[in-house]
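Read the structure below first, then the notes.
The values are calculated or read from the model by the stated rules, or taken from the named source; none is laboratory data. Bear in mind the structure is a predicted one, so any value in this text is a computation, not a measurement. Every residue, glycine among them, receives a Cβ derived from its backbone with ideal geometry; neighbour counts consider all protein chains shown. Ligands, DNA and RNA are excluded from the accessible area calculation, which covers all protein heavy atoms including side chains. Shrake-Rupley method; radii C 1.70, N 1.55, O 1.52, S 1.80 Å.
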Amino acid sequence: MLKKDLLIAAVEAKTRPVAITDLNGALVCANSAYGRLLGGFPSPNSLPESDEERNAVLEASRTARVCGRGSTQIQRRTDKGTQPLDVTVRRSKQIENYLVWDVEGAGQEARIQKALDLYDSGLGTWLEALETGLIVADDNGAIRSISPVLSQWLGGLTKPHGDYALADFLPTLEGYTNLLDGSGKAIGEVSVTVVPLGGEGDAAAGTLYFIQKRSQPQGASAHISDVAQAVFNDAPVGMAVVDENGDFLRTNKAIRQLVKASDRASFENLYSVFSGDNLATVQRYMRAVAKGERVQDTLEARLDGGDEAVIRLTTHLLDKDRGEVLLFVNDATEQKSLERQFAQAQKMQAVGQLAGGIAHDFNNILTAIIGFCDLLLVRHSAGDPSFADIMQIKQNANRAANLVRQLLAFSRQQTLMPKVLNITDVLAELSNLIRRLIGENISLQMVHGRDLGQLLVDQGQLEQVIVNLAVNARDAMDGGGDLTIITSMETAEEVAKLGHDFMHNQDYIRLVVSDTGHGIEKENLNKIFEPFFTTKETGKGTGLGLSTVYGIVKQTGGFIFAESEIGEGASFIIYLPVHEHSDVDEKPSSAEPPKDAPPVADYWGQGTIMLVEDEDAVRTFASRALGKKGYHVVAASSGQEALDLFEEGLAIDLLITDVVMPQMDGPTLVQHVREAHPELHVIFISGYAQDGIGVAEGLDKIDFLPKPFSLTQLAEAVKAAMPLSADDSASTPS
């Protein structure tokens with residue numbers, strides 16, 4: 001479940017409480033801050049306890065679905081009293097079928113929770129290494145948290161933290177004071193640093209008490225210093241102390257490795273590793289932190305040098321007077337890459353759905369155009385003045401049908417006719433065609449791998465992939481160059497080492513098509529498979545070549561990657577799954593007649609046909625075409641209308657139905673009709689792929705005729721499917 005893993009990775013990176021639900025409010029995932037705040041992972045919809053607040057949350061989610069964002073505030077009862085919560089819900093542009101919820105405590109609870117989150121994020125490790133204990137108390141002096149090192153000093157507590165008051169441990173906060181163990185016994189003198197949780201001008205909303213022992217024996221003190229130094233230097237997270245000018249007062253190994261300090265002439269100032277807008281943003285952020293101003297919890301910024309490295313900064317103000325800030329730095333590059341991949345996958349899926357929908361509608365239009373042209377050609381022979389005009393219309397409609405097939409290929413909805421192939425044989429047959437396509441100034445070299453497995457693919461679609469990539473390479477090498485096609489075997493073990501979680505752990509055939517052209521700009525690499533995107537001059541490319549390649553490869557169960565450097569050419573790497581042989585031969589597609597079937601020459605016939613099609617033009621053409629071939633046609637514009645005719649006792653020999661229709665689709669209609677007439681033969685017609693039949697798969701007496709189809713193709717399919725008894729008279733299947 002790659003998509004859900006990406007969602008979890010994205011929300012876990014947030015330090016504030018974040019949850020993601022579907023549009024109905026069912027919880028999909030949430031981060032640990034959300035769980036800490038609410039004591040678990042309830043759905044945001046279940047948080048309100050009153051009808052009024054429940055309606056307010058529902059209204060906020062409805063507003064988010066329509067306008068993009070909604071918010072409200074609710075009160076939640078806990079064992080510690082009433083907890084105010086600010087609830088904000090957004091509908092993300094990248095994941096439109098999900099809602100993103102920010103649920104944060106308001107007032108005192110929010111500030112105390114942020115302090116605890118900061119302690120958990122790394123400050124706690126630093127404080128404990130310095131032998132500094134921490135107490136978090138609310139504005140009434142009730143204990144909210146005690147740090148582990150302080151609990152150790154106290155010798156273990158007999159009651160939960162929340163059952164103690166501040167005075168149980170600290171009798172006074174002035175100067176040095178005795179630290180009590182909770183039972184009233186003094187265990188040593190400590191100094192206390194008090195930090196109110198509230199901004200300037202705000203009432204205190206809780207307080208942090210930093211507690212340090214007054215003195216330690218010299219040996220222990222030296223040991224503590226060594227531990228603190230080791231923790232700081234060897235911590236897995238980048239850490240530094242920075243002054244108000246960005247100068248480093250102290251840095252550890254991790255932060256230097258993170259920003260590749262060894263590659264830089266100087267690494268004495270935080271701002272030296274940023275440039276441009278990133279530099280200005282980091283400067284504003286750090287200066288605001290140093291002044292004690294309220295800022296966002298974290299900041300993400302891109303390092304200079306063009307290496308796409310992204311880091312996340314988390315800060316804590318150490319000394320406002322001197323502007324000293326404790327800085328934590330994490331590498332966010334991989335997470336940002338995952339977020340981009342997730343957004344790209346969502347965009348490609350949405351564009352594919354759009355392309356498939358457009359192709360379906362165009363196929364209906366083209367079916368009508370081609371069909372009525374065929375009807376006109378029946379009345380206008382080759383010697384007729386109108387014959388040439390009608391042929392021009394039909395030829396252009398067929399050209400449009402080829403473009404639609406490319407859109408269906410991109411959206412992975414075209415009908416495939418797979419068979420077992422050897423890729424070496426396919427490339428050998430294509431080599432002469434490719435040489436003619438690329439011209440004499442480009443050399444072609446093919447390197448065939450040994451012991452390659454076999455593929456189960458549509459040969460025509462595989463050849464289209466190779467030809468499209470070859471033509472694309474030719475256009476990238478204006479002054480000539482080298483085109484290289486390499487095949488090799490990639491075992492499951494080798495695939496696992498690639499680190500692509502979305503690739504199945506199995507054997508693949510690796511096909512690489514490389515050129516020595518001008519290359520592809522880095523910012524265009526993520527766009528090249530999108531339909532209608534092209535870097536060619538206006539009029540020199542449709543933008544469908546690579547999108548078609550992408551769709552065919554994905555529908556075949558494979559994967560495609562692009563690599564390029566400007567001036568050094570480009571390589572397209574395709575992984576196609578090796579076909580596992582079985583004793584059962586693949587069934588021929590119902591759209592392709594068996595090779596040994598005799599050709600159908602006589603398209604005339606008799607019998608009653610039920611034609612169900614919601615597109616008026618397609619229904620009219622098909623009815624007239626079949627009527628001219630001698631059949632009696634009963635037409636229906638919907639599945640429900642057809643079902644009503646069946647229930648009235650209509651006797652038919654063949655059912656022709658569209659797959660996708662409003663109210664009742666074709667497969668559902670067939671299910672109902674087959675209950676009374678299990679032997680009735682059916683032809684599905686659709687502008688989508690044969691896979692869209694869905695529920696009808698596995699049934700016998702089912703054929704598929706993809707749109708657009710001609711009069712001859714329709715008549716041939718009907719003649720082949722019509723029961724033999726219908727040649728004499730119409731009969732009802734039993």
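From the set of residues in segment 171-212 that are touching a Phe, Trp or Tyr at 6+ places or on another chain (Cβ under 9 Å), at pLDDT 75 or above and not in a strand (DSSP E or B), which is least open to solvent (accessible area, probe 1.4 Å)?
Top of the filtered list is Asp181.
I'm trying to understand the selection: among the residues of segment 709-734, which are among the aliphatic types (A, V, I, L, M) and at pLDDT 60 or above?
Within segment 709-734, Leu711, Leu714, Ala715, Ala717, Val718, Ala720, Ala721, Met722, Leu724 meet the criteria.
Of all residues in segment 601-658, which are in a loop (DSSP other than H, G, I, E, B), open to solvent by less than 40 Å² (accessible area, probe 1.4 Å), closer than 20 Å to Lys707 by Cα and small (Gly, Ala, Ser)?
Answer for segment 601-658, where residues must be in a loop (DSSP other than H, G, I, E, B), open to solvent by less than 40 Å² (accessible area, probe 1.4 Å), closer than 20 Å to Lys707 by Cα and small (Gly, Ala, Ser): just Ser638.
Name the single residue that is farthest from the chain's Cα centre (by Cα) among those in segment 429-441 being open to solvent by less than 60 Å² (accessible area, probe 1.4 Å) and within 16 Å of Thr487 (Cβ to Cβ).
Ser431
Could you grab me the full set of residues in segment 118-140 that are surrounded by 14 or more Cβ atoms within 10 Å (Cβ to Cβ) and over 44 Å from the mean Cα position of the chain (by Cα)?
Passing the criteria: Leu130, Glu131, Thr132, Gly133, Asp139.
Among Gly698, Gly692, which is in a helix (DSSP H, G or I) and modelled with pLDDT under 80?
The match here is Gly692.
Can you tell me which residues in segment 548-563 are open to solvent by 30 Å² or more (accessible area, probe 1.4 Å), closer than 15 Å to His504 by Cα and not charged (D, E, K, R)?
Selection gives Gln555, Thr556, Gly557.
Condition check: surrounded by 13 or more Cβ atoms within 10 Å (Cβ to Cβ), under 26 Å from the mean Cα position of the chain (by Cα) and at pLDDT 85 or above. Does Ile509 satisfy that?
Here the answer is yes, as Ile509 does meet what is asked.
Listed residues Val295, Val241; which is modelled with pLDDT of 85 or more and surrounded by 13 or more Cβ atoms within 10 Å (Cβ to Cβ)?
Val241
Give segment 308-329 a look and list any residue that's touching a residue at least 24 places away in the same chain (Cβ under 8 Å) and open to solvent by 60 Å² or more (accessible area, probe 1.4 Å), or say none.
The answer is Glu308, Leu318, Lys320, Arg322.
Yes or no: segment 405-412 includes at least one residue that is within 18 Å of Ala622 (Cα to Cα) and either modelled with pLDDT under 65 or not basic (Lys, Arg) (or both).
The answer is no, given that none of the residues of segment 405-412 is within 18 Å of Ala622 (Cα to Cα) and either modelled with pLDDT under 65 or not basic (Lys, Arg) (or both).
If we keep just the residues of segment 217-238 that are touching a helix residue (DSSP H, G or I) at 6+ places or on another chain (Cβ under 7 Å) and either in a strand (DSSP E or B) or open to solvent by 60 Å² or more (accessible area, probe 1.4 Å) (or both), which is modelled with the highest pLDDT?
Gly238
Count, please, the residues in segment 659-676 that happen to be out of contact with any helix residue (DSSP H, G or I) (no Cβ under 8 Å at 6 or more places or on another chain) and surrounded by 14 or more Cβ atoms within 10 Å (Cβ to Cβ).
Total meeting the criteria: 1.
Quick one: which of Arg76, Arg36, Arg91, Arg65 is at pLDDT below 85, touching a strand residue (DSSP E or B) at 6+ places or on another chain (Cβ under 8 Å) and within 29 Å of Asp138 (Cβ to Cβ)?
Arg76
Looking only at segment 585-603, decide whether some residue is under 25 Å from Leu377 (Cα atoms) and modelled with pLDDT of 55 or more.
Yes, segment 585-603 contains at least one residue that is under 25 Å from Leu377 (Cα atoms) and modelled with pLDDT of 55 or more.
Could you list all residues from segment 64-74 that are out of contact with any helix residue (DSSP H, G or I) (no Cβ under 6 Å at 6 or more places or on another chain) and either open to solvent by 90 Å² or more (accessible area, probe 1.4 Å) or touching a residue at least 24 places away in the same chain (Cβ under 8 Å) (or both)?
Ala64, Arg65, Val66, Cys67, Arg69, Gln73, listed by residue number.
Give me the residue from segment 139-170 that is of a type in the set (Asp, Glu) and part of a helix (DSSP H, G or I) and, out of that set, nearest to Leu208 (Cα to Cα).
Asp168
Which number in (1) part of a loop (DSSP other than H, G, I, E, B); (2) open to solvent by less than 50 Å² (accessible area, probe 1.4 Å) marks the one condition that Ser514 misses?
Evaluating Ser514 over (1) part of a loop (DSSP other than H, G, I, E, B); (2) open to solvent by less than 50 Å² (accessible area, probe 1.4 Å) leaves (1) as the failure.
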